[in-house]
Amino acid sequence: MMKRIGGSWDRRQDNTVLTGFKSGHNMRIEYIMNIEIPLYIRSAAVLSILGDGFFGFYLNLYVTSPIFDRIQHIFGCYAMALFFYSLILHFIQIPVQPRLVRFILVVGIGFSIGALYEIIEYMADTLLKPQISNQPSLQDTDLDLISDLVGALIAGIHAVVQAIIVNDYS
């Protein structure tokens, strides 16, 4: 069990506990619904969630490191784009062809997730009014969206290269 800081739960501890719960819950859903997501993609998604909760909030790297937020947005968008692309493929059970369509789909998924995350950050700042704002400035939001786009583009390239490796010539 975690020790309490100063006799009461700290926000950082709440985020870390919630992050662990989300990761475990996602794997449980995959098992129950018999969803087969490649281990690499699942691991990247879990690392992204843990990086956000543990490194970003618990170790306070969002505040103390100027580059951590950029790296987290790039990696998080990359991992989540591939995760949700795999999830969509599982449910529609139709191969996405040609490769250009696959690339556009993955980039669209990744950038949509990044934009949704920015909206959630804005709503959290507006409704909850935390001591340390998630979005300190418009420049931060713009840089986050640029980082999300970079992560989505890398995920799109990953999906196309993976198709080439498994000899999907469409």
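Return the equivalent ellipsoid semi-axes of the stretch 112-170 as a descending list in whole Å, where each equals the square root of 5 times an eigenvalue of the C-alpha gyration tensor.
Values: eigenvalues 243, 23, 10 Å².
That gives 35, 11, 7 Å for the three semi-axes.
What number comes out for accessible area per residue over the stretch 35-141 if the probe is 1.4 Å? Units Å², please. Walk me through the numbers on the way to the answer.
Details: 6210 Å² over 107 residues.
Accessible surface, normalised per residue, equals 58 Å².
If you plug each phi of the stretch 46-54 into the Karplus form 6.51 cos²θ - 1.76 cosθ + 1.60 with θ = phi - 60°, what whole-Hz ³J(HN,Hα) values come out, in order, with x for Gly and Pro?
Result, ordered by residue: 5, 4, 5, 5, 5, x, 5, x, 7 Hz.
Counting only protein heavy atoms, what percent of the accessible surface of the stretch 37-124 is carbon or sulfur at a 1.4 Å probe? Walk me through the numbers before you get to the answer.
Numbers: 3650 of 4640 Å².
Carbon and sulfur: 79 percent of the exposed surface of the stretch 37-124.
Quick one: Karplus J couplings for the stretch 95-109, per residue in order, coefficients 6.51, -1.76, 1.60, θ = phi - 60°, nearest Hz, x for Gly and Pro?
x, 8, 9, x, 4, 4, 5, 4, 4, 5, 4, 5, 5, x, 4
Label 7 Å along Cα→Cβ of I67; the stretch 134-151 residues with amide nitrogen under 19 Å?
140, 143-151
The values are calculated or read from the model by the stated rules, or taken from the named source; none is laboratory data. Small disclaimer: the values here were computed from a predicted structure and weren't measured. Heads up, the Cβs are rebuilt from the backbone with ideal geometry, glycines too, and the neighbour counts pull from every protein chain shown. With ligands, DNA and RNA removed, areas are computed over all heavy atoms of the protein, side chains included. Shrake-Rupley method; radii C 1.70, N 1.55, O 1.52, S 1.80 Å.
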